[in-house]
Amino acid sequence: MNPILGIDLGKVRIGLAISDELQLLAHPLETIPAGRNAPARIAEIVRQRNIENVVVGVPRRMSGEFGIEAKSALDFAEKLRAMLPCAVVTWDERLTTLAANRALRDLGKNTRQSRQYVDQVAAQIILQGYLDSRRQSAHAEDIPR
């Protein structure tokens, strides 16, 4: 199996995470600036690392509705679909940045120290949720009824 790339899209920075080749664990990869060059950098990573598919986090509101940020993430996913040779899927990422900040704070990092990592950790949380869900779905299908 090839790795899967997770994306936490922000207005200023985009966090990236990558799975291991067994697609069991997500690991922080890098933070890139948001902007015109971001899709090209993601395409470069997809080619270099032979990525199987890309998971873009969509920040839905707690009610489940799509706000401005969610629509922006959906548009970004569409742009990636047009330029990448692999599948691009979206994943509900409610509260992942909050969870990432909490995890880094629990490790003793203050806001200033964690600023460069928080987007990567949020992408890791998004990707790990996706990987866990796929594994649970596959396992549920294997259980005899």
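The values are calculated or read from the model by the stated rules, or taken from the named source; none is laboratory data. What you see is a predicted model, and the numbers here were worked out from it, not measured in a lab. Please note: Cβ atoms are built from the backbone with ideal geometry, for glycine as well, and neighbour counts cover all protein chains shown.
Some notes on this structure:
- Taking the criterion of being closer than 15 Å to Leu80 by Cβ and without any contact (Cβ under 8 Å) to a residue 24 or more places away in the chain, the residues of the range 28-39 that qualify are Ile32, Gly35, Arg36, Asn37.
- Matching entry among Ile7, Ile51 (being β-branched (Val, Ile, Thr), closer than 17 Å to Gln128 by Cβ, in a loop (DSSP other than H, G, I, E, B) and touching a residue at least 12 places away in the same chain (Cβ under 8 Å)): Ile51
- Filtering the range 12-27 to residues that are surrounded by fewer than 21 Cβ atoms within 10 Å (Cβ to Cβ), out of contact with any Lys or Arg (no Cβ under 8 Å at 6 or more places or on another chain) and touching a residue at least 24 places away in the same chain (Cβ under 8 Å) leaves Arg13, Leu25, His27.
- All of (1) modelled with pLDDT of 95 or more; (2) assigned to a strand (DSSP E or B) hold for Trp91 with one exception: (1).
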